[in-house]
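*Asks:* Following this message is one structure expressed as structure tokens.
The values are calculated or read from the model by the stated rules, or taken from the named source; none is laboratory data. Model, not experiment: these values are computed from the prediction. Cβ placement follows ideal geometry from the backbone for every residue including glycine, while neighbour counts extend to all protein chains displayed. Just the protein is used for accessible areas: all its heavy atoms, side chains included, with ligands, DNA and RNA removed. Shrake-Rupley method; radii C 1.70, N 1.55, O 1.52, S 1.80 Å.
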Amino acid sequence: MFNNLTERLSGVIKTLRGEARLTESNIQEALREVRIALIEADVALPAIKVFIEQVKQRAIGHEVLGKLSPGQAFIGVVHEELMAIMGGDKADINLNVAPPAVILMAGLQGAGKTTSSGKLAKWLMEQKKKKVLLVSCDIYRPAAIEQLALLAEQTGADFFPVKTGQQPAEISTAALDFARKHHHDVVIVDTAGRLGIDEAMMQEISQLEQLLNPVETLFVVDAMQGQDAVNTARAFAEVLPLTGVILTKLDGDARGGAALSVRHITGKPIKFAGVAEKLTGLEPFYPDRMASRILG
Ligand code: GDP
């Protein structure tokens, strides 16, 4: 994914060999390789800058312990900092409210919101034994509502039927009433996306957020978006109190840099990774696995 950073570093690491400490001069070249690899992986520059600085601070003066070569010690520091910048430990979904717990899905059209809503419903039913209601507020694209209805059918989640002419705010309120009456534990609300950032869309989702008071507002973003993910993330983070991120399409040849950039911009943990089109293709996001994958 990240052009095999380990391979890139292997030449440099030879030059680090035989020194008992990582010093500013001997890690300079290694840091340059890390920077190039991250640029190639489409990580946004501000995120790279912060990352490199953190690695540098940690690496300088790092004692080389036991059998570790300075090169291995450096890789270790890079790995730990990659994990830290992506949120350290795995972040669990928060459902700690009186039911129904509302999960609001936000993101651009095509990011994978509807698919992820279905996958998340399945995951919550299977892994957390929750009764889930799926709701679509995408009144502008009847096909999106049908797509969610189909996903509900396939997963066995309940689907909230939308009446013609109902507006997103009305749908949300009615769906919440319905969920309370039918004792749903979780309500997943899929929203309308646009191809780009759009004022009306932002206002609408912001209004929905205030109305629904979701315990999770998840920003769904396509890992293939690379650098563009930064602008989208910034725009959504400005209008919504995001609580987490779903990074989709990690099964493609995504550069993966989006993981670092989006985390840097939003400050919120990536909670799930989309790893296939099919309904089982959603996994909790593990920063340590991602860091290992990056290092190759
Ligand atoms: P929305 O407009 O944000 O609701 O996006 P959709 O859920 O309709 O997804 C857009 C396309 O991306 C669909 O063809 C999905 O099957 C596909 N998709 C979504 N998530 C993933 C994923 O994790 N992996 C792959 N390969 N495809 C995905």
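*Asks:* What FRET efficiency comes out for the pair residue 150/residue 177, r = Cβ-Cβ distance, R0 = 25 Å, nearest 0.05?
*Replies:* That pair, residue 150 with residue 177, gives E of 0.55.
*Asks:* Give me the Kirkwood hydrodynamic radius of segment 222-296, using the inverse of the mean 1/r over all pairs of distinct Cα atoms, in Å to one decimal.
*Replies:* The Cα-based Kirkwood calculation yields 12.5 Å.
*Asks:* Follow-up. Reported to two decimal places, what Rg/Rh ratio describes segment 148-208 when computed on Cα atoms with Rh from the Kirkwood expression?
*Replies:* 1.00
*Asks:* Keeping every protein chain in place, order 180, 8 by accessible area at 1.4 Å, biggest value first, i.e. largest first.
*Replies:* Heavy-atom accessible area, descending, gives 180, 8.
*Asks:* 222 nm [θ] for the chain, helices only, -39500 (n - 2.57) per DSSP H run of 4+, per residue, to 500?
*Replies:* About -16000 deg cm²/dmol.
*Asks:* Once you put a point 7 Å from the Cα of residue 45 and another 7 Å from the Cα of residue 203, both along the Cβ direction, what distance in nm separates them?
*Replies:* It works out to 3.4 nm between the two label points.
*Asks:* Also: With all protein chains present and a 1.4 Å probe, how do 32, 234 order by accessible area, largest first?
*Replies:* 32, 234
*Asks:* Between the helical axis of 142-155 and the dominant principal axis of the chain, each derived from Cα atoms, what acute angle in degrees is found, rounded to the nearest 10?
*Replies:* Once rounded, the angle reads 80 degrees.
*Asks:* Hey, with R₀ at 25 Å, roughly what FRET efficiency would residue 57 and residue 7 work out to, going by the Cβ-Cβ distance, to 0.05?
*Replies:* Once the sixth-power term is evaluated, E becomes 0.50.
*Asks:* Just 133, 45, 247 to compare: in a GNM of the chain, with alpha carbon springs under 10 Å, which one fluctuates most?
*Replies:* Taking springs between Cα atoms under 10 Å, the residue moving most is 45.
*Asks:* Using a cut-off of 12 Å between alpha-carbon atoms, which aspartates and glutamates can reach residue 278, once sequence neighbours fewer than 8 places away in the same chain are excluded?
*Replies:* Candidates past the 8-residue exclusion: 251.
*Asks:* Summarise the long-distance tail of P(r) for the chain by giving the % of C-alpha pairs beyond 34 Å.
*Replies:* Of all Cα-Cα distances in the chain, 28 percent exceed 34 Å.
*Asks:* If I model a spin label as a point 7 Å beyond the Cα along the Cα-Cβ vector, how far apart are those points for residue 127 and residue 143 in nm?
*Replies:* Each label point lies 7 Å from its Cα, and together they span 3.0 nm.
*Asks:* For segment 211-257, just say rounded, prolate or oblate: build the C-alpha gyration tensor, square-root its eigenvalues into a ≥ b ≥ c, call rounded for a/c under 1.5, and beyond that prolate if a/b exceeds b/c, oblate if not.
*Replies:* Oblate is the answer for segment 211-257, as a/c is 1.5 or above yet b/c matches or exceeds a/b.
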